[in-house]
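The values are calculated or read from the model by the stated rules, or taken from the named source; none is laboratory data. Computed from a prediction, not measured in an experiment: that's the story for all the values here. For neighbour counting, all protein chains shown are included, and Cβ atoms are generated from backbone atoms with ideal geometry for every residue, glycine included. Accessible surface is based on the protein model in full, side chains and every heavy atom, while ligands, DNA and RNA are left aside. Shrake-Rupley method; radii C 1.70, N 1.55, O 1.52, S 1.80 Å.
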Amino acid sequence: MSTTTVTLRNAISNARQAIDVQPGQTVRQAVDNSGFIAAGSDFSVRDKNGQVVDDRPVEDYANTVLSVGLPGDNVVGGVTAGVRRVR
């Protein structure tokens, strides 16, 4: 089996880390196994469209950037969705 490379982005700090993962894992398993976040942390993983992809096969996201953040934080592509400027 060949590995898949996925880049994880911390939705809070914007830190990034490319990880090599074995196919057959879910995205959540790959993040858990990577050490990118503290063990036991509650998180969700989102794709570039803001869709939660925790239970999807990690190989579906080869060579992409996935955002790791708090569940329900609505972080999409480095911008918090739903924030509006009031004038």
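List of remarks:
- Top-ranked residue of the stretch 54-74 - restricted to ones that are more than 17 Å from ARG16 (Cβ to Cβ) and part of a loop (DSSP other than H, G, I, E, B), ranked as nearest to the chain's Cα centre (by Cα): ASP54
- Those strands (runs of 3 or more DSSP E) lying entirely in the stretch 1-53 with at least 1 residues out of contact with any Asp or Glu (no Cβ under 6 Å at 6 or more places or on another chain) and open to solvent by 80 Å² or more (accessible area, probe 1.4 Å): 16-21
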